[in-house]
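A.B. asks: So that we are looking at the same thing, I have put the structure below in structure tokens.
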Amino acid sequence: MGELQVLSHQVSHHHHETDTTLKIAAIPSALHGWLASVLSVFSSRYPEAMGLVLEGVEEEIKEWVESGVVDVGITTDTTRLNLGYWREHFDWQLIRQDEIVAVLPSSHPLSQHASVSVSALAEHPLVMSSGGCEALIQQIFANSLEASEGVVQVDFWVRDTRTLLQMVANGVGVSLVPTLALVNKLNADLVTRSLSPCGVRQLIAFWPKKKPLGPVGQQLLQACGA
């Protein structure tokens with residue numbers, strides 16, 4: 001019996017699932033920076049397993065999962081910001097992490113350092129993505145500036161990562177960006193530097209507590225390296 005047939009047999013005996021298709025949604029940086037290649041391999045192994053793949057920001061994905069538009073969401077882990085709500089409505093699992101780095105013009109004074117502090121970045125105009133993980137980046141600033149009771153000022157909000165990088169390259173400001181969002185987007189006018197202390201983003205897969213993952217969803221988690 002082939003792998004997909006085995007999955008179909010398992011699913012037919014699983015009271016939470018009635019078919020072998022899976023609908024997922026993911027934030028852009030995860031989808032284009034890493035997940036697309038995972039899904040390509042997964043779909044080649046299980047051609048009938050993927051029913052829908054959507055791209056959205058964190059809040060959109062949470063709404064889609066909660067309302068049943070998709071079965072699984074892949075997003076930045078912000079569960080600690082409202083842990084009670086998440087525990088009531090969802091189950092989740094860590095599937096990957098990537099580094100949050102400073103993105104600077106190659107001519108910027110801070111580019112001469114191997115790493116940069118968040119407090120040093122806060123002294124320069126900040127270009128912030130509104131397409132995802134802004135809550136995490138705001139928290140990174142809040143933690144670093146807490147001692148001085150400082151509040152970071154976002155000078156420019158940009159949804160598209162390529163637009164954000166173009167603004168940074170042209171000297172409009174500096175930014176903090178997850179490394180997955182930078183795949184195939186950097187050029188000679190930009191440099192990245194690690195933060196001091198290091199900034200890390202956790203990515204989770206999550207699904208409704210009332211509808212646990214069936215065999216197909218579990219296979220996807222395995223394919224993601226969970």
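A.B. asks: Suppose we take every Cα in the range 81-226 and form the convex hull; what volume per residue is that in Å³? Walk me through the intermediate numbers first.
C.D. replies: Working: hull volume 18.8 nm³, N = 146.
About 129 Å³ per residue, rounded to a whole number.
A.B. asks: Given an 8 Å cut-off on Cα distances and at least 6 residues of separation, report the relative contact order of the chain as a percent.
C.D. replies: Values: 390 pairs, mean separation 73.8, N = 226.
Reported relative contact order: 33 percent.
A.B. asks: Still on this structure: I'd like the FRET efficiency for VAL183 and ALA223, computed as 1/(1 + (r/R0)^6) with the beta carbon distance as r and R0 of 22 Å, rounded to 0.05. Don't skip to the end; give the middle numbers.
C.D. replies: On the way: r = 19 Å, r/R0 = 0.85.
That gives a FRET efficiency of 0.70.
A.B. asks: A further question follows. Please get the size of the charge dipole for the chain, origin at its Cα centre, with Cβ charges of +1 on Lys and Arg and -1 on Asp and Glu, quoted in debye to the nearest 20.
C.D. replies: On the way: 14 positive and 23 negative charges, 67 e Å.
Dipole magnitude for the chain comes out near 320 debye.
A.B. asks: Considering the dipole of the range 79-226 built from charges on the beta carbon (Lys and Arg +1, Asp and Glu -1) around the Cα centre, which of LEU81, VAL101, PRO125 is farthest to its positive end?
C.D. replies: LEU81
A.B. asks: Quick one: order TRP157, TRP92 from most to least accessible surface, probe 1.4 Å.
C.D. replies: On the way: TRP157 135, TRP92 80 Å².
If we order TRP157, TRP92 from most to least accessible, we get TRP157, TRP92.
A.B. asks: Counting helices only, and only those DSSP H runs with n ≥ 4, report the 222 nm mean residue ellipticity of the chain as the sum of -39,500 (n - 2.57) divided by its residues, in deg cm²/dmol to the nearest 500.
C.D. replies: Working: 8 runs with 71 residues, N = 226.
After summing the helix terms and dividing by the residues of the chain, the value is -9000 deg cm²/dmol.
A.B. asks: Let me ask you something else. Report, in whole Å, the centroid distance computed from the Cα atoms of the range 26-51 and the range 69-143.
C.D. replies: Using only Cα atoms to place each centre, the spacing works out to 23 Å.
A.B. asks: Any chance you could look up the accessible area of GLU63 with a 1.4 Å probe, heavy atoms only, rounded to 10 Å²?
C.D. replies: 110 Å²
A.B. asks: Can I ask one more? For the range 37-90, take the convex hull of the Cα atoms, compute a quarter of its surface area, and give me that in nm², please. Could the numbers behind the result be given before it?
C.D. replies: Numbers: hull surface 17.5 nm².
The orientation-averaged projected area of the Cα hull of the range 37-90 comes to 4.4 nm².
A.B. asks: For the range 185-226, what percent of Cα pairs sit more than 14 Å apart?
C.D. replies: Counting every Cα pair in the range 185-226, those more than 14 Å apart make up 68 percent.
The values are calculated or read from the model by the stated rules, or taken from the named source; none is laboratory data. Keep in mind the model is a prediction, meaning the values are calculated, not measured. We place every Cβ from the backbone using ideal geometry, glycine too, and count neighbours over all the protein chains shown. To get the accessible areas, we keep the full protein, side chains included, count just its heavy atoms, and leave off ligands, DNA and RNA. Shrake-Rupley method; radii C 1.70, N 1.55, O 1.52, S 1.80 Å.
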